[in-house]
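So the structure is just underneath, and the comments pick up after that.
What follows draws every value from the coordinates through simple rules; no lab data is involved. These figures come from a predicted structure and were not determined experimentally. Every residue, glycine among them, receives a Cβ derived from its backbone with ideal geometry; neighbour counts consider all protein chains shown.
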Amino acid sequence: MTATTKKFISYALKAAILSAACYYIIHQYLNNGDNLKQFELLISRIPRGHVITIMSLVVVLMVANWTLEALKWKYLTRNLAQITLWEAIEGVFCGLTWAVITPNRFGEYGGRVMYLPARRRIHGVFAMAVGAFGQNVITNVLGFIAMAWFAYTFLGLSTLMMTAVFTFACTSIAFFLILYFNIKWAVWLLDRIPFLKKFHRFFEIMGRYQFAELCTIMYFCLGRFFIFSFQYYLVIHLLVPQIPIYEVFLMVFIVFFIQSALPSLDIFDIAVRSAVATTVFAYVTDQHVAIIAAFASIWLINLIFPAIIGSVFTLNIKFFDRNA
């Protein structure tokens, strides 16, 4: 392939990605305009200084959240390639731009590994999978705890049923933790599939992480989880201050838990998340509009703003000529 052809393909791919991302952002903003207007209306009744303080903190936490993810990404790939923190940040934001236009955010993998050397990109996908699995484990562990609390508090189940719920929750938590800290089992399983054996050199990357490294990755995941949970608490408390802090956090854990189990295209993500949030929070408040507005505002800050930033970083991607 000639240099001219490579350049043409590179420009075409960037144009296609940016066009799709722009369509998504505009489409979602128009679809959620009413929710964002409701948010503006609700905060107009609250002292301006208080609103500015809270929303500024939410934005700062957004930056902290994705910076922590960049640090996790740098840690995950440190044995594959020596990337700087800034390159890790660019990769994370670029991945977010790709994520919004793909089912279940699979594009995030492609956008992020483009900042690795060409020969390490497929390896990077499996390194990222370890981090994503760690984040999913945190979501599930805390989600099962929250669901058990929810069943006990609101569903009025019999003692026998509650025992079954708690047993299932504890068993599930143990399963996810054991599987995460023995992620090399996944490599063993993949090796048992004949047509995948030839790819062993790629997915065996997952089995290289030792217990101490997996613990460090888990700390990054926990940090991120509590940062964005705290963001939701701040906005929900701003709009519906009467809900106790522990109920807000546990309800948010449940929303994350249910959301993570639902396959979706990001273009429908906010609608699905809003529907789940209003259903769950209906047990503690009748302020459905406030809950939808809170989730819409966090969606705008946590995903749309970073996706816009990532669209700029997409222009820096080198599809063909990064050093191997």
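Overview of results
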quantity: From the C-alpha gyration tensor of the range 100-229, square roots of 5λ in Å; calculated: 33, 18, 14
quantity: The chain: most fluctuating residue of Met161, Met128, Met251 per GNM, C-alpha cutoff 10 Å; calculated: Met161
quantity: Test item: Cα-centred dipole of the chain, Lys/Arg +1 and Asp/Glu -1 on Cβ, debye; calculated: 1260
quantity: Amide H contacts of Thr102 (H built 1.01 Å from N, under 5 Å, at least 5 apart or other chain); calculated: Gly107, Asp266
quantity: Summed residue charge, Cβ within 13 Å of Ala88's Cβ, Lys/Arg positive, Asp/Glu negative; calculated: +1
quantity: Among Leu239, Ala293, Gly156 the positive-end extreme of the charge dipole of the chain (Cβ point charges); calculated: Ala293
quantity: Column: log10 I(q)/I(0), Debye, Cα scatterers of the range 9-314, q = 0.14 Å⁻¹; calculated: -1.16
quantity: Residue exposure sequence - Ser56, Ser311, Ser260, Ser229 - by fewest surrounding Cβ within 10 Å; calculated: Ser56, Ser260, Ser229, Ser311
quantity: Helix runs (DSSP H) in the chain reaching 30 Å along axis by Cα, Kyte-Doolittle at least 1.6; calculated: 159-181
